[in-house]
Amino acid sequence: MATYDWARQRLDDLAGVEAASDTYWTDPVGGPPGQPPYLNAVLKLGRPARWVDARACLADLQELERLAGRTRRVRWEARSLDLDLLDGFPVQDDPDVTLPHPRMMERAFVLRPLLDVAPDWVHPITGLPARDALAEIGRHEDAGPLTLGAASS
């Protein structure tokens with residue numbers, strides 16, 4: 001929780017946290033076996049003037065990850081901090097940034113906390129509500145971690 005609290009404070013300083021989900025422990029998806037559970041949350045942030053586009057926002061998120069000790073050597077490896085940009089800028093699909101996040105509608109560990117802060121969120125391309133996507137994931141046993149345990153502070 002210390003890394004989460006640190007990151008949340010940095011994000012509040014940078015952009016202002018307008019809303020925060022509960023925090024959830026989930027099993028890792030992908031990667032080598034034996035990784036510990038991950039703490040997941042969604043924060044709705046303000047938009048500082050420096051975030052003229054999604055690339056500028058993503059650069060700040062990646063700098064916070066770096067400051068928290070994250071290295072990007074191997075895909076799916078355990079990491080000290082993983083900040084994903086889910087939405088909040090115009091839809092785009094390019095090598096640097098894809099919005100909304102391309103796999104968010106397949107991941108219960110994203111959708112459950114997203115619904116805490118944006119219960120009516122709808123995917124801007126497919127028109128699928130996040131709550132319907134989460135319900136669909138729950139119908140498939142092989143879709144990853146389905147039980148989300150609330151974390152205490």
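The values are calculated or read from the model by the stated rules, or taken from the named source; none is laboratory data. It should be emphasised that the depicted structure is a prediction, and the values quoted were computed from it without experimental measurement. Every residue, glycine as well, gets a Cβ built from its backbone with ideal geometry; the counts of neighbours run over all protein chains shown.
Here are some notes:
- Test result for Val52, in contact (Cβ under 8 Å) with a residue 24 or more places away in the chain and among the hydrophobic types (A, V, I, L, M, F, W, C): no
- Residue match in the stretch 109-118 (condition: more than 30 Å from Gly34 (Cβ to Cβ), modelled with pLDDT of 85 or more, exposed (fewer than 14 other Cβ atoms within 10 Å of the Cβ) and of a type outside the set (Ser, Thr, Tyr)): no
- Contacts under 7 angstrom Cβ, first residue in the stretch 17-34 being at positive phi, partner aromatic (Phe, Trp, Tyr), 6 or more apart: Gly30/Trp76; Gly31/Trp76
- Residues satisfying the stated conditions in the stretch 1-20, i.e. under 16 Å from Pro113 (Cβ atoms), of a type in the set (A, V, I, L, M) and assigned to a helix (DSSP H, G or I): Ala7, Leu11
- Residue, modelled with the lowest pLDDT, within the stretch 21-45, restricted to residues that are surrounded by 17 or more Cβ atoms within 10 Å (Cβ to Cβ) and not in a loop (DSSP other than H, G, I, E, B): Thr26
- Taken over the stretch 76-102, the criterion of being over 27 Å from Pro124 (Cβ atoms) and either of a type outside the set (A, V, I, L, M, F, W, C) or modelled with pLDDT of 90 or more (or both) is satisfied by Glu77, Arg79, Ser80.
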